[in-house]
Amino acid sequence: MKKIILFAVFLIGCAAFTNAQVPAGVKITPISVEQVANDEYKEVKLADLSEVIKNAVKKLAGKTYDVKKVEFNEKKGLTKVIFVNKKDKNDEKTVVLNKEGKEEKE
């Protein structure tokens, strides 16, 4: 019996919150939040990079991944490569390489 009463109270509470309305005369202002990447990476073409970087990217991509995007940070000398899985386009991995083509942690 307790469970039935608690369930009824729960349903009434849910209905009360579902039907809550904004009083007349109250102006609602939508807020837009935009995240801006300020990491100084600029998009480049893989062909414009050194042979060392090209070879490292090809090795990392292997048969499983395609290169989606390549970005270069001139200040730090780092290359950020975003790979996408050939079979599952939702599967992405990002790798940061130094000038020698070795993986770095940002």
> Taking Cα pairs under 8 Å and at least six residues apart, what relative contact order does region 42-104 come out at, in percent?
Replying inline: 29 percent
>> Within a 10 angstrom radius of the beta carbon, how do Lys105, Lys75 rank from fewest other beta carbons to most?
In response: Lys105, Lys75
>> Going by average Cβ density within 10 Å per residue, which order do the peptides 60-69, 87-96 take, highest to lowest?
In response: 60-69, 87-96
> Can you flag which of Lys54/Lys87; Lys63/Lys105; Lys45/Lys93; Lys45/Lys87 are past 20 Å Cα-Cα?
Replying inline: Lys54/Lys87; Lys63/Lys105; Lys45/Lys87
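Taken together, the values in this text are just the output of simple stated rules run on the coordinates, not laboratory data. As the structure is a prediction and not an experimental result, all values here were calculated from the model. As a convention, Cβ positions derive from the backbone with ideal geometry for all residues, glycine included, and neighbour counts pool all protein chains shown.
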